Amino acid sequence: MKLAVIGFGNAGGKIADRLVASDTDGRSLCQFTVVFNTARVDLARLEHIPEESRVLIGQTDARSKGHGVGADPDLGAEVTKADGPEIERALDAMPIHKVDAFLIVAGLGGGTGSGGGTVLAEKLQAMYSEPVYGLGILPSTDEGGRASLNAARSLPSFTTSTDGLLLFDNNAWRTGHDSVEEGYTRTNREMVQRIRALLSAGEQDGSQISENAMDASDIRRTLAAGGVSTIAYAETDLEPETKRQNGFLARFRSNGNGASQNGADPATKVQSLVRRAVRSRLTCPADIKTAERALVVVSGPPEEFSQKGLESARRWLEEEIGSVEVLAGDDPRGNADCLSAAVLLTNVTGVPRIEEIKEYAVTARNNIEDQAADREESIENLVTDENDVLDPV
């Protein structure tokens, strides 16, 4: 699938930047990339997106002036609407005839992405016929109540304004051993790995193309279910003979998702890999039985594939989610150094983290309102005399 990738806000810009950096394996996922932000300093930190593709919005708004929107999604939406013409000019350079879909990447806990991302999605829907997908980043609990409140408010509008919203939950991927910077760097890397494994299926890099290869139409069909989606992923080591043929050194590689299955027959290996992916950590933890549709992409050297294994994996997943809307295929990559499986689960409705964020957000909103009322009373008591003897100037 060839994408027009649009990063919105700080988190969205960083992930878009990493997606561009990952376009080095012969498969060009990002046909066009642009980043919009209200904070000049965040745009300056990007490393792989050209200067001309970094657009500062909100410069003329007295509340922003290039310094961000202060985690205020209402202001983020407002400046995005006001700078609509500038956003449209930035999109003029896009080769729309080469684009299969748009992908808007935004953090849902801040102000620019959570507020402006929805405005942009609605604009794209009105301007183009290509599908508009979202990649929304849920905040971790240590980001505080304000971030959860922003995410809870943004989720409904982001979901309805896109043709499908892929979710990544920072809370599920952060570890206690990470520093803040290390944590976000690692989670962004994990996220991009999964997005590429899924959405670059079918993009040619000179590898042999099988009769059962996945392509953009299969991805669009699965995402057409709408709602919220999550991605499963696992990889395993190649067979020794494949390594020798490809010139690789023998090495163990499982990405922490389980033991190597060298020596297993190809059908068992493929089926087990898909099962392990689904039972591992999803980009956003969810009850897979509540998914409406699913898509399986097994990627690696063609000699590692098994049509029997793919069919077995597809039937197993149909039983797991209780749906016949399951597609499964391969993504041949002759120079791959592992065999991987990416599984897209769309329109999942059992997502505990979303329920948790909504509850946390309601509490945070009540606290904010109570604190504001107490603060007004405290200020009045501070600046007025007790017996109301003094007249204000």
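Any read-out appearing in this document is the output of simple, stated calculations on the displayed coordinates, not a laboratory observation. Just so you know, these numbers come straight off a predicted model, no measurement behind them. Neighbour counts run over all protein chains shown; Cβ positions are idealised from the backbone, glycine included.
Of the residues GLY107, GLY226, GLY136, the one that moves most in a GNM of the chain with alpha-carbon contacts below 10 Å is GLY226. Peptides 93-106, 52-65 ranked from most to least packed give 93-106, 52-65, packing being the mean of other C-beta atoms within 10 angstrom over each peptide's residues.
Less than 5 angstrom separates the built amide H of ALA328 from those of VAL296, all sequence-distant by 5 or more or on a different chain.
With a Förster radius of 51 Å applied to the beta-carbon distance between TYR128 and ILE368, the computed FRET efficiency rounds to 0.85. Given the options ALA364, LEU344, ASN150, identify the residue whose Cα lies farthest towards the positive end of the charge dipole of the chain (+1 on Cβ of Lys, Arg; -1 on Cβ of Asp, Glu). Result: LEU344. Ordered from longest to shortest, the equivalent ellipsoid semi-axes for the chain are 43, 23, 19 Å, each the square root of 5 times a Cα gyration tensor eigenvalue. Across all directions, the average flat footprint of the convex hull enclosing the Cα atoms of region 3-199 is 10.3 nm².
Computed from the Cβ-Cβ distance with R0 of 30 Å, the FRET efficiency linking ASP215 to TRP316 stands at 0.85. For the pair GLU86 and ALA172, the difference between a 0.36 nm per residue extended length and the Cα-Cα distance amounts to 27.3 nm. The distance between label points at ALA21 and VAL389 comes to 6.7 nm (points 7 Å beyond Cα on the Cα→Cβ vector).
Note on THR185/ARG375: beta-carbon distance plugged into 1/(1 + (r/R0)^6) with R0 of 25 Å gives a FRET efficiency of 0.10. Of all DSSP beta bridges located in region 3-199, what percent are antiparallel, nearest 5? In region 3-199, approximately 5 percent of DSSP beta bridges are antiparallel ones.
Would you compute the Debye intensity of region 300-379 from its alpha-carbon atoms alone, equal scatterers and no solvent, and pass along log10 I(q)/I(0) at q = 0.21, 0.24 Å⁻¹ to two decimals? Result of the Debye calculation: -0.99, -1.09. Working note: 222 nm ellipticity from helices only, DSSP H runs with n ≥ 4, each -39,500 (n - 2.57), summed and divided by the residues of the chain, gives -13500 deg cm²/dmol to the nearest 500.
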